[in-house]
Amino acid sequence: MAARKEETGPSMIETFQEFKETKNIDRTTLVSVLEESFRNVIAKIYGSDANFDVIVNPDKGDFEIHRNRIVVADGDVKDENKEISLADAQKIEPDYEIGEEVSEEVNFSKFGRRAILNLRQTLASKILELEHDSLYNKYKDKVGQVVSAEVYQMWKREVLLIDDEGNELHLPKSEQIGRDNYHKGETIKAVVLRVDNENNNPRIILSRTSPMFLERLLEAEVPEVNDGLISIRGVARMPGDRAKVAVESYDDRIDPVGACVGVKGSRVAGIVRELCNENIDVINYSSNIQLYIQRALAPATITNIKVDQENRKAEVYLQPDQVSLAIGRSGMNIKLASMLTEYTIDVFRVVNEDEADEDIYLDEFSDEIDQWVIDAIKGIGLDTAKAVLNAPRDMLIEKADLEEETVDQVLHVLKAEFEQ
């Protein structure tokens with residue numbers, strides 16, 4: 001029986017047709033979900049749907065339901081759902097006999113309002129489940145890939161984006177570059193960081209701060225990287241400020257750094273703009289950790305390096321005029337170098353022998369500097385006044401876990417001793 005203008009028929013089919021068009025649900029899945037939804041309602045009404053035929057045609061927007069029952073002698077009906085008396089069967093067709101099967105059309109609209117509401121709820125649940133499955137399956141294999149999406153809504157903690165199929169994507173505040181400024185309707189790029197799927201409710205998380213984002217942008221911009229001739233061995237970022245990228249070529253004829261940077265920086269220029277003018281340093285990777293650290297600390301020139309591979313630590317010694325270059329503004333250069341090489345790097349000024357002879361042990365300053373402060377500094381391996389003066393201020397604050405004011409007071413006391 002074709003669905004006429006009943007309360008449920010056409011609206012239900014139209015709902016699924018619309019879902020099929022927008023969510024790319026294939027016809028087989030669509031028919032299966034429709035049939036299962038009808039059967040769930042039938043089973044609740046009759047106790048079983050085993051003897052029902054449900055025929056769905058989503059293309060035409062109609063459906064048919066038939067109930068099949070066996071003809072039994074009058075008075076022998078034990079299950080009205082699966083059996084029909086001979087007298088009732090012959091009212092349908094006069095030539096029916098005992099033992100034959102009667103197939104009878106069922107008008108779904110006559111099941112009542114409760115059944116109609118039940119069907120709507122079942123369909124809505126199945127649609128939501130299919131929608132979630134479709135979204136999860138689409139994006140689970142896109143983790144690590146760059147996508148473009150339109151800014152739809154901006155909140156304090158995240159930005160909501162919409163892809164070209166109307167799916168919601170989330171860009172948390174923690175994954176945004178500090179200088180990012182979004183406007184509703186604009187299209188932005190980001191990398192798919194992960195797909196959360198708690199309680200079968202997919203949530204697509206994007207990132208513009210992940211090292212993966214910079215790596216994928218380089219792959220898209222540099223053909224040699226995309227073709228596998230150049231390998232990206234490491235990426236370290238201070239998003240929106242500065243980044244270091246280590247590259248390696250498998251072809252001696254190719255300069256990996258030059259290929260990535262391009263003539264006059266032409267290849268990284270677009271990436272720099274995309275990353276809010278993030279300064280990108282590209283260096284040659286080396287399996288020699290000492291050389292790798294030296295390159296990572298560029299533009300500083302290193303005098304000597306001591307490497308503890310077991311604890312992944314390195315002590316770097318530089319001439320006084322190179323220390324600030326190695327550390328960089330706000331300690332950014334040394335932090336990126338540590339992130340890139342995965343080594344803890346400590347920087348020390350080179351002290352000549354004459355200066356070393358004039359050094360003073362920290363314990364001698366116990367009358368001017370609290371003992372707990374002296375012990376904290378000695379705890380990071382600095383026992384003398386000049387060792388402290390030669391160490392970077394930021395390192396003293398971070399490694400010794402001291403307040404800036406405390407470190408500045410210590411440095412003031414030590415400098416005054418040698419100025420006398």
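The values are calculated or read from the model by the stated rules, or taken from the named source; none is laboratory data. Please read these numbers as outputs of a predicted model, since none were measured by experiment. Here Cβ is always computed from backbone atoms with ideal geometry, including for glycine, and neighbour counts include all displayed protein chains. Protein only, heavy atoms only, side chains kept; ligands, DNA and RNA dropped before computing areas. Shrake-Rupley method; radii C 1.70, N 1.55, O 1.52, S 1.80 Å.
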Practice task
Provide the per-residue ³J(HN,Hα) series for the range 367-374, in order, calculated from phi with Karplus coefficients 6.51, -1.76, 1.60 and θ = phi - 60°, each as a whole number of Hz, with x at glycine and proline positions.
Solution key: 7, 10, 10, 4, 4, 5, 6, 4
Problem - Helix-only [θ]222 nm of the chain, DSSP H runs n ≥ 4, -39500 (n - 2.57) each, per residue, nearest 500 - result: -12000 deg cm²/dmol
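Where does the chain land on the Kirkwood hydrodynamic radius, alpha-carbon pairs, in angstrom? Spell out each step's value before the answer.
On the way: mean 1/r = 0.0353 Å⁻¹.
It is 28.3 Å.
Whenever you get a sec, compute what percent of the accessible area on the chain sits on carbon and sulfur atoms (1.4 Å probe). Walk me through the intermediate numbers first.
Numbers: 9940 of 23120 Å².
Carbon plus sulfur share of accessible area: 43 percent.
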Fill in the blank from the handout: Computed over the range 228-320, the distribution of all Cα-Cα distances in 10 Å bins, rounded to whole %, is 15, 40, 33, 12, 0
Handout entry: Listed residues Q309, Q290, Q319, most fluctuating in the chain (Gaussian network, C-alpha, under 10 Å)
Key = Q309
Fill in the blank from the handout: Here the FRET efficiency for S266 versus Q290, based on Cβ atoms and R0 = 51 Å and rounded to 0.05, is 0.95
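Under a 1.4 Å probe, what is the accessible area of the range 79-184 per residue, stated in Å²?
Working: 6600 Å² over 106 residues.
Spelled out: the 1.4 Å probe surface of the range 79-184, per residue, equals 62 Å².
I want the antiparallel fraction of DSSP beta bridges within the chain, as a percent rounded to 5. Before the final figure, lay out the partial values.
Values: 46 of 63 bridges.
The antiparallel fraction comes to roughly 75 percent.
Report, as a whole number in µm² per second, the diffusion coefficient that Stokes-Einstein gives for the range 27-165 at 20 °C and 1.002 mPa s using the Kirkwood radius over alpha carbon pairs.
On the way: Rh = 18.9 Å.
After rounding, the answer is 114 µm²/s.
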Completion exercise
For the range 297-415, whose charge dipole is built from +1 on Lys and Arg Cβ atoms and -1 on Asp and Glu Cβ atoms, the candidate among G328, A387, V410 with its Cα farthest towards the positive end is G328
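Find how much the distance from E150 to T344 grows on full extension, using 0.36 nm per residue of separation minus their present alpha carbon separation; answer in nm with one decimal. Provide the component values of the computation, followed by the final result.
Values: separation 194, 0.36 × 194 = 69.84 nm, distance 4.03 nm.
Length gained, E150 through T344: 65.8 nm.
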Fill in the blank from the handout: Listed by chain and number, the residues whose amide H is under 5 Å from that of T303, excluding neighbours fewer than 5 places away on the same chain and using placed H, are Y317, L318, Q319
Exercise for the section: Output ³J(HN,Hα) for the range 151-158: one whole-Hz value per residue in order, computed from phi by the Karplus curve 6.51 cos²θ - 1.76 cosθ + 1.60 with θ = phi - 60°, and x for Gly and Pro. Expected result: 5, 10, 8, 10, 10, 5, 9, 6
Exercise for the section: Would you compute the Debye intensity of the range 139-226 from its alpha-carbon atoms alone, equal scatterers and no solvent, and pass along log10 I(q)/I(0) at q = 0.12, 0.18 Å⁻¹ to two decimals? Expected result: -0.35, -0.77
Practice task
State the Cα centre-to-centre distance between the range 287-346 and the range 155-226 in whole Å.
Solution key: 32
Handout entry: Residues of type lysines that K142 reaches as a straight line, Cα spacing below 23 Å, ignoring anything fewer than 8 places off in the same chain
Key = K20, K23, K173, K189
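On average, how much area does the Cα convex hull of the range 205-250 cover when viewed from any direction, in nm²?
Mean projected area of the Cα convex hull: 3.4 nm².
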Practice task
Go through the range 395-405 residue by residue and turn each phi into a ³J(HN,Hα) via Karplus (6.51, -1.76, 1.60, θ = phi - 60°); whole Hz please, and just put x for glycine and proline.
Solution key: 5, 5, 5, 6, 6, 7, 6, 10, 5, 4, 4
Fill in the blank from the handout: Mean separation of Cα contacts under 8 Å (at least 6 apart) over the residue count of the chain, i.e. the relative contact order in percent, is 8
